[in-house]
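Okay, so here's the structure we're looking at.
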Amino acid sequence: QVQLVESGGGLVQAGGSLRLSCTASGSTFSIKVTGWYRQAPGKQRELVASMDSGGFTNYADSVKGRFTISSTNANNIMFLQMNSLKPEDTAVYYCNAASLSRTWWGQGTQVTVSS
């Protein structure tokens, strides 16, 4: 079992930056892929960025060049550095971790970007 707790959300003006953190506890040794998703009001949850245990990263086209996913070596803390934020980045952001057989989600953290 893995528990995920996000932090770092908030209100920021367009063009600003935020760094989200996700602290993992429990069987973190089983994690193979970590990721960040977001869900805006009235929209489906979408993948923002992911990283596998080999360090390979993947980003949504809408955030490439602006967001960076990273984690500590032990997968205990995951980060999403968000720069040049836009109003359309406003959403609840969720961290995600997956083993070979299970997926876990954090509770979400609100990010609001004002124009």
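The values are calculated or read from the model by the stated rules, or taken from the named source; none is laboratory data. Remember, predicted model here, so these are calculated numbers, not experimental data. Here the Cβ positions follow ideal geometry from the backbone for every residue, glycine too, while neighbour counts run over all protein chains shown. Heads up: the accessible areas ignore ligands, DNA and RNA and are worked out on the full protein's heavy atoms, side chains in. Shrake-Rupley method; radii C 1.70, N 1.55, O 1.52, S 1.80 Å.
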Being among the aliphatic types (A, V, I, L, M) and crowded, with 18+ Cβ neighbours inside 10 Å narrows it down to one residue among 47, 80, 100; which is it? 80
Residues that are charged (D, E, K, R), free of Cβ contacts under 8 Å to residues at least 60 places away in the same chain and surrounded by fewer than 20 Cβ atoms within 10 Å (Cβ to Cβ): does region 64-73 have at least one? yes
In region 1-28, anything over 25 Å from residue 115 (Cβ atoms) and open to solvent by less than 50 Å² (accessible area, probe 1.4 Å) is listed as 2, 4, 21, 22, 24, 27, 28
Have a look at 92, 113 and point out the one that is closer than 15 Å to residue 8 by Cα and over 15 Å from the mean Cα position of the chain (by Cα). 113
